[in-house]
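The block underneath contains the structure these notes are about, expressed in structure tokens.
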Amino acid sequence: MGTPSPFSTAIWYDLMQLATHAPIPELYVSYDSAQKLKREAADLPSWDLSPRQICDLELLMNGGFSPLKGFLGQADYDSVVDTMRLADGTLWPMPITLDVSDTFADGVAPGQDIALRDREGVILAILSVTDKWSPDKSREAAAVFGADDDAHPAVNYLHNEAGSVYIGGPITGIQPPVHYDFKMRRDTPNELRAYFRKLGWRRVVAFQTRNPLHRAHQELTFRAAKEAQANLLIHPVVGLTKPGDVDHFTRVRCYEAVLDKYPASTTTMSLLNLAMRMAGPREAVWHGLIRKNHGCTHMIVGRDHAGPGKNSAGEDFYGPYDAQELFRAHQEEIGIEMVDFKHMVYVQDRAQYEPADEVEDGATVLNISGTELRRRLREGLEIPEWFSFPEVVAQLRDRYPPRSQQGFTVFFTGLSGSGKSTVANALMVKLMEMGGRPVTLLDGDIVRKNLSSELGFSKEHRDLNIRRIGYVASEITKNGGIAICAPIAPYTATRRAVREEIEAFGAFVEVHVATSLEECERRDRKGLYKLAREGKIKEFTGISDPYETPAKPELSLDTENVEVDHCAHQVLLKLEQMGLVAV
Ligand code: PPS
């Protein structure tokens, strides 16, 4: 619970302003020391950071995660998971941990230094290892994200992406991660503090966002700033957001267009390289601490702040106002005041936006939901002026042309001998006959002859194989082509990872070729089932290795007693129904 403030509100504000304007401690060493450390680091074990870890490290080093001085050690981790506080009692709701593989963990021990590098091998920091442990991830999921359910993006990350060992210890910062995009829009906490100080902005309300802004957002942020008698900081997340979100390049171009709509010199925008966890209430408190570190005095918290969507039972993970409640309970300790998000609606008769609770009875209220907006973009339909700004709509249309002009991936999955390749080949020919987009077939057998020729059939190798296929398919999709994949792809989590990668660029159509094991074995076209039964082929899918049946494929094909041509046609009809082709 929040500690009651010993100060009157007025004094509290003055202290808050002093605190938000003074520089915040960073973890970087001087230029000369950094050069020396870089040379010495050549002999240290190196960890290549994942995209999420790079985001975390940047905010650790520049003070965005102050008071953290490094990746959490075990005592702090346990305490954060259980109580939302560091071991010394300081409020900190999110475990900021460095997860590594077993193999890497085996080679390091507490007392040792390790070099943290970006994807190109550039050294960013040294971690002095104090702790190494294997976390109970289910416990972490339940306590931090509210449920051990893979439908939650961060729980999925925890179980299916993160390494199994955590390494903790203080960080010595050498250099920030390099960004080549929107350099002028990126600020460290101290740069923002200095900017506010220079402009005399004593009260600043932050707006956290991971979505494009439309007129309703502009209205609500403007009102929030007026209400708080504060200047406004649009503070969008450009690190990692929810899978499926609009990419940050498009969003930043949209934000720049909206920025012009505010009265001059009231509002600024800065990009935050945060890796969100979509942890709802805990995330809201975390966002508050981060905004405090960036020199803000207020933050807008809305309905379902940082919500992860539905759980695997189809229900919301958190109540719509849980985030506001938790924030309110801790707001004095966070040191930043919450401004409730007003749900703004467009009142047609008055041709303006108004808070939903102030609208007169009987007035005609218009709204376009996120789903409806995506549908209109997909189908090239009108997006009215009252809903968004023409410049924003133009950016979105540019990024999301109608589906019939976008790339997409058809991903067949099923047992060996189920008929994946045969149907995939027939589909390829039909799509080529229709023309319009280049078509590439990534068949299981063919991929294994070239792209994955060195791989076997262990879980690790199968995953690598599917991820390679996914990577190539995502590039094809991104560039407007059609990728048809036809591997066994036996694991749900890997198929999901590929889906997320591809859906960033276009549709992912999962087709389960649902031929039963009995039928595949009866056909046994390549004689592999016989060999597998005799134990001459190990780890054979369906016989001595698992196949996890897709729970919700876009299409399930029954191939028994059905012509190949008909199966391929069923896929085409599905593609037409999804607006991807015109049959
Ligand atoms: S996976 O699991 O997705 O990586 O498999 P995939 O790349 O599709 O490769 C499947 C083809 O390899 C042959 N083969 C095996 N399949 C399954 N298990 C074992 N142990 C195995 N060994 C060889 C088999 O011919 C598969 O081809 P398809 O076209 O599926 O019949």
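Please list, or write none, the lysines whose alpha carbon is within less than 28 Å of the alpha carbon of Lys536, excluding same-chain residues fewer than 8 places away.
Within the straight-line limit of under 28 Å, Lys536 reaches these lysines: Lys420, Lys449, Lys459, Lys526.
Please list the non-local residues whose amide H lies under 5 Å from the amide H of Thr209, H modeled 1.01 Å from N, same-chain partners needing a gap of 5 or more.
Amide H to amide H, under 5 Å and 5 or more residues apart or across chains, Thr209 pairs with His235, Val237.
Relative to the first principal axis of the alpha-carbon coordinates of the chain, what is the inclination of helix 280-293, with its axis defined by its Cα atoms, in degrees from 0 to 90 and to the nearest 10?
Helix 280-293 sits roughly 50 degrees off the main axis of the chain.
Angle check, please: helix 215-227 long axis (alpha carbons) against the longest principal axis of the chain (alpha carbons), in degrees 0 to 90, nearest 10.
Helix 215-227 sits at roughly 20 degrees to that axis.
Before rounding to the nearest 500, sum -39500 (n - 2.57) across all DSSP H runs of length at least 4 in the chain and divide by the residue total; then give [θ] at 222 nm in deg cm²/dmol.
-11500 deg cm²/dmol, from helical runs alone.
Report the Rg/Rh value for the chain, based on alpha-carbon coordinates and the Kirkwood definition of Rh.
Across the chain, the Cα-based Rg/Rh ratio is 1.00.
Give me the net charge for the shell around Asp148: Cβ to Cβ below 11 angstrom, other residues only, Lys and Arg +1, Asp and Glu -1.
Surrounding charge for Asp148 is -2.
May I ask you to derive the FRET efficiency for Glu360 and Glu191 from their Cβ-Cβ distance with R0 = 60 Å, giving the value to the nearest 0.05?
That gives a FRET efficiency of 0.85.
Of the listed peptides 481-492, 301-312, what is their order by residue-averaged count of other C-beta atoms within 10 Å, with the highest listed first?
Packing proxy ranking, top to bottom: 481-492, 301-312.
When the chain is fully extended, how far beyond the present Cα-Cα distance does Asp260 get from Glu315, taking 0.36 nm per residue of separation?
That works out to 15.9 nm of additional length.
Take region 183-345, compute every pairwise Cα distance, and split them into 10 Å bins from 0; I just need the percent in each bin.
11, 41, 39, 9, 1, 0
Stokes-Einstein at 10 °C, 1.306 mPa s, Kirkwood radius from Cα pairs: D for region 513-579 in µm² s⁻¹?
Taking Rh from Cα pairs, D becomes 115 µm²/s.
Across region 266-274, in residue order, what do the Karplus-derived ³J(HN,Hα) couplings come to in whole Hz, using 6.51 cos²θ - 1.76 cosθ + 1.60 with θ = phi - 60° and x for Gly and Pro?
Listing the rounded values in order: 9, 9, 9, 9, 9, 8, 10, 8, 9 Hz.
Under 5 Å between amide hydrogens, which residues at least 5 positions from Leu274 or on another chain qualify, with H placed 1.01 Å from N in the peptide plane?
Excluding prolines and chain starts, which carry no amide H, the hits are Val238, Gly239, Leu240.
Order these peptides, 328-341, 168-181, by their mean beta-carbon neighbour count within 10 angstrom, highest first.
328-341, 168-181
What angle do you read, to the nearest 10 degrees and between 0 and 90, between the alpha-carbon axis of helix 420-434 and the longest principal axis of the chain?
80 degrees
Suppose R0 equals 25 Å; then what is the FRET efficiency for Thr371 and Lys137 from their Cβ-Cβ distance, rounded to the nearest 0.05?
0.20
All of the numbers you see were taken from the coordinates with simple rules; none came from a lab. Note that the structure is a prediction, hence the values are computed from the model and not measured. Note that each Cβ is placed from the backbone with ideal geometry, even for glycine, and that neighbours are counted across all protein chains shown.
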